[in-house]
């Protein structure tokens, strides 16, 4: 009977430590994605400004091209804003320990990983399209 209780306590403690490790692992995965995407925001900002300036300076640009470029500039700005908003709103797990249990923290982190992954996809797609237009318009570095 004592052995069974000791094993139960050991099992519970093991599960709790695994949950703690899971929050740290998930937080690290989130930060890895952030660290991959964050440096791209300066390039996005540059492309946004360069495309806006180019649209305003080209007299021969068609209305359709102008609308497409303005939409691209808005999309670039949105991608940059998404990252800034996410960074401002993100709460690291250690700051939630006193107010939330591990399951709630894990749920939060899983949701945050989805959000930052979507930001990564949006950033990469916007950047790729921006680079294509940069070449097409001969935007100088």
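No lab work stands behind these numbers, since they all come straight from the coordinates. It should be emphasised that the depicted structure is a prediction, and the values quoted were computed from it without experimental measurement. So basically every Cβ, Gly included, is an ideal-geometry build from the backbone, and we count neighbours across all protein chains shown.
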Problem - Ranking of 91, 51, 105 by count of other Cβ atoms within 10 Å, fewest first - result: 91, 51, 105
Exercise for the section: Could you work out the relative contact order of the range 36-137, using alpha carbon pairs under 8 angstrom and six or more residues apart, expressed as a whole percent? Expected result: 40
Practice task
Quote the FRET efficiency, to the nearest 0.05, computed for residue 129 versus residue 97 with a Förster distance R0 of 41 Å and r equal to the Cβ-Cβ distance.
Solution key: 0.50
Handout entry: Exposure proxy ranking, count of Cβ atoms within 10 Å, fewest first, for 69, 109
Key = 69, 109
Exercise for the section: Measure off 7 Å from each Cα along the Cα-to-Cβ vector at residue 107 and residue 89, then give the distance between these two points in nanometres to one decimal. Expected result: 1.7
